[in-house]
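Data first, discussion second: the structure below is written as structure tokens.
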Amino acid sequence: MSHITISQASELIWDLLKTLEDAYWEASTCKDKDLVFNLLQLLNSENMELAKISIQDHHYEYEVITTSKEALQQTLVSFQQHSNDTVRRQVTALKLRNLVNQLSSYLSRNQ
């Protein structure tokens, strides 16, 4: 699948937000919390904008709203590089890695 709909993107971002919240509370240092919070804040803004879209339009292809696709992708790449040291709980780390990879994969396919 090369494109995802607004509905699918909303669900993916929501799941990622919930997992990032877990990662934030599990982080043991301020530096780790800052790394998680940066991505959490960016995706929360995106989620808030997606919530404003009419339910009738949720079948359309998703495009990043609140920032450039490149900025979001760079934030995800940076997070992936540092998250191995940040997220210590295995269940959260695996779930987070999967969700971040899904979003990164979508963004890289649609350049």
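The values are calculated or read from the model by the stated rules, or taken from the named source; none is laboratory data. Predicted model only: the values in this text are computed from it and were never measured. Please note: Cβ atoms are built from the backbone with ideal geometry, for glycine as well, and neighbour counts cover all protein chains shown. Side chains are part of the model used for accessible areas, which takes the heavy atoms of the whole protein and leaves out ligands, DNA and RNA. Shrake-Rupley method; radii C 1.70, N 1.55, O 1.52, S 1.80 Å.
Each residue was assigned an accessible area with a 1.4 Å probe, and for Arg89 the value is about 120 Å². Using the alpha-carbon atoms, what tilt in degrees (0 to 90, nearest 10) does helix 30-51 show relative to the longest principal axis of the chain? Approximately 10 degrees, to the nearest ten. Expressed per residue, the C-alpha convex hull volume of the stretch 38-81 stands at 71 Å³. Charges were assigned to the Cβ only: +1 to each Lys and Arg, -1 to each Asp and Glu. The resulting dipole of the stretch 2-71 about its Cα centre is roughly 120 debye.
Give me the percent of the accessible area of the chain that comes from carbon and sulfur atoms, probe 1.4 Å, all protein chains in place.
Numbers: 3350 of 6660 Å².
With neighbouring chains kept in place, the figure for the chain is 50 percent.
Report, in deg cm²/dmol and to the nearest 500, the calculated mean residue ellipticity at 222 nm for the chain, where each DSSP H run with n ≥ 4 adds -39500 (n - 2.57) and the sum is divided by the residue count. Don't skip to the end; give the middle numbers.
Numbers: 4 runs with 81 residues, N = 111.
Calculated mean residue ellipticity at 222 nm is -25000 deg cm²/dmol.
Provide the per residue accessible area, probe 1.4 Å, for the stretch 63-102, rounded to a whole number of square angstrom.
On the way: 2490 Å² over 40 residues.
With all protein chains present, the stretch 63-102 gives 62 Å² per residue.
How big is Rg to Rh over the stretch 59-111, alpha-carbon atoms, Rh as the Kirkwood inverse-mean-distance radius?
Numbers: Rg = 12.4 Å, Rh = 12.0 Å.
Reported Rg/Rh (Cα atoms, Kirkwood Rh): 1.03.
Could you name the aspartates and glutamates in cross-link range of Lys52, using Cα to Cα under 16 Å and dropping any fewer than eight places away on the same chain? Cα-Cα hits under 16 Å: Glu11, Glu61, Glu63.
Grab the alpha carbons of the stretch 1-44, take their convex hull, and tell me the volume per residue in Å³. Present the calculation step by step, with values, prior to reporting the outcome.
Details: hull volume 3.3 nm³, N = 44.
Hull volume normalised by residue count: 74 Å³.
The angle separating the long axis of helix 6-26 from the principal Cα axis of greatest extent in the chain is about 10 degrees. Taking all protein chains together and rolling a 1.4 Å probe, Ser104 ends up with roughly 20 Å² accessible. Between Leu12, Leu50, Leu94, the GNM of the chain built on Cα springs shorter than 10 angstrom shows Leu94 fluctuating the most. Projecting the Cα positions of Phe37, Leu94, Gln56 onto the charge dipole of the chain (unit charges on Cβ atoms of Lys, Arg, Asp and Glu, taken about the Cα centre) puts Leu94 furthest along the positive direction. Binning the C-alpha pair distances of the stretch 16-111 at 10 Å intervals from 0 yields a P(r) profile of 15, 49, 29, 8, 0 %, listed from the shortest bin outward.
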